[in-house]
Each structure stands twice: as C-alpha cells, then as structure tokens.
Amino acid sequence: MTGNRLQAQARAGQGGFPRAALFDLDGTLLDSALDMLATANRLRGDRGIAPMALAELRPHVSKGARAMLAAAFPQIAQAGREAMVAEFLAVYQQELGRHSRLFDGVETMLSALERHGAVWGIVTNKPEYLARQILPQLGWESRCAVLIGGDTLAEKKPHPLPLQVAAERIGIAIDGCVYVGDDERDIVAARAAGMPSIAALWGYRLDGEQPQSWQPDAMCELPQDLAEPAAWPTPPVPRTL
C-alpha cells in the first residue's frame, strides 16, 4: 500500500467488507478505452481524419461521450459535437465489448466480496441499455445485484440520486454500502448521498487531477487490493457536506 492510501484509510478507519459494494463501470471495473478508441476513429475516418492514438483518448473515457468527442474533434465547435453524440453512441454499440476487458484483479475482488456475503452492483453514467448489454458478455447477469445507468433516473452522477436508488433497490442502508469510482463526480455523488467512497487510482484521469482532493474515504491502487477487508472504509466517519 502507498502512503497516500494508508492515510486515506486512517481517516476512514479500518473496517471490513461492506454489506454492498457499488461500482462505476468504465475505468473502474471495465477497461473500455479500446472500444471507445475504435468508435472515435470510425467517426474520424468517416470525416477523412487520421486515427487518433489511445493515449490521446484514454484520459477522457470516464468523462463521457461529450468529453471524448471534444478530444477526438477539437476543431469542431461544441454545438457540432453535440449533434454527433447519437452517432457516437450508435457506433459504440457496434464496438461494445469487442476490444474491452476487465481490469486485472477485478474478478478477484468481486469473488472475494461474494465469498464474504457482500452483494455488488453498478452505478454508471453510461446509458442503461448499453451497460446492460455488457453484463451477459461478462457473465454478470445473475451476479450484479443492481444496475443504474445515466438515463435510468431523472438525475445522474454527480447527483446522489443514482446511489440512493441503488441502495434502496438492493435493500441496504446507505451507510452499509461503499461506492468505488475513478472520477471526481463518483466521489462527489457518494459524499452527497452519505455513502463511503473509494477512489480507484487504476482508472482514467486527466493530467493534473489529484484524487486526494476529491476527499474520498479511501484510495486504492489496484482492484485486487479490495479483495482484502482492511481496504474498505467501514464504518464511515461523520462528514460535513
């Protein structure tokens, strides 16, 4: 463990596996950057633009389709990129799962949670119909206890509602859940919901982003670290929102 992660855990207090773990999807469970790159490069090719490199797109993946379009088409005005969102999602649906993979250690982490009687689910800003198509590809239809997408409810992260509804649907109190995500809005949503959080340091981040400034209850470098009960920040510390 790094000093930073140990310090974050000291603030939260050493706990054990939560009753429920909720996860962001892209950049937390799933390394989907190559699917996104294939999508962006198909759109660029259709417009006579040379392919972009993975390193150019990868930091933007957790920010959503609009952020990826901004990275792929910086020469196009925002209004023009907005008109491309539906096309991006349609092409991405064709590329979905063709190139992506779980981050190393994710299966170890999920299996450890299940062995200890914890349930787990997904709260993502990806449209629900796309997220649901991923579950059978990974054999998660019966393992994932709840799935909330970015269009499932009237609000999406960083609003707390998706996390609140996810906890309600699995019948576990907010403080019995922990949310794990790689983006600031994940941690902001968890804090607003009153749910302990973990910043996934293995995910996608822009240069200069400092996860400790997001004020997670813990930070974790690798998914397999979360196969250990001591890595989970339970019980939560009281916080002022």
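Within the stretch 94-121, being over 18 Å from the mean Cα position of the chain (by Cα) and part of a helix (DSSP H, G or I) holds for Gln94, Glu95, Ser111, Ala112, Glu114, Arg115. Taking residues in the stretch 139-157 that are in the same structural domain as Trp120 (by the TED database), and partners anywhere that are open to solvent by 10 Å² or more (accessible area, probe 1.4 Å) and part of a strand (DSSP E or B), the pairs with Cβ atoms closer than 8 Å and at least 6 places apart or on different chains are Ala145/Val119.
Applying the set (1) at pLDDT 95 or above; (2) in a loop (DSSP other than H, G, I, E, B); (3) crowded, with 19+ Cβ neighbours inside 10 Å to Leu57 leaves exactly one unmet item: (2). Mind checking which residues of the stretch 76-93 are surrounded by 15 or more Cβ atoms within 10 Å (Cβ to Cβ) and either in a loop (DSSP other than H, G, I, E, B) or among the aromatic types (Phe, Trp, Tyr) (or both)? Passing the criteria: Ile76, Met84, Phe88, Tyr92. For the stretch 137-164, filtering for residues that are over 14 Å from Asn125 (Cβ atoms) and either open to solvent by less than 50 Å² (accessible area, probe 1.4 Å) or not hydrophobic (A, V, I, L, M, F, W, C) (or both) leaves 9.
Among strands (runs of 3 or more DSSP E) entirely within the stretch 159-241, having at least 3 residues that are at pLDDT 95 or above and within 15 Å of Arg19 (Cα to Cα) singles out 177-181.
The values are calculated or read from the model by the stated rules, or taken from the named source; none is laboratory data. Please read these numbers as outputs of a predicted model, since none were measured by experiment. All Cβ positions, even for glycine, are placed from backbone atoms using ideal geometry, and neighbour counts span all protein chains on display. Heads up: the accessible areas ignore ligands, DNA and RNA and are worked out on the full protein's heavy atoms, side chains in. Shrake-Rupley method; radii C 1.70, N 1.55, O 1.52, S 1.80 Å.
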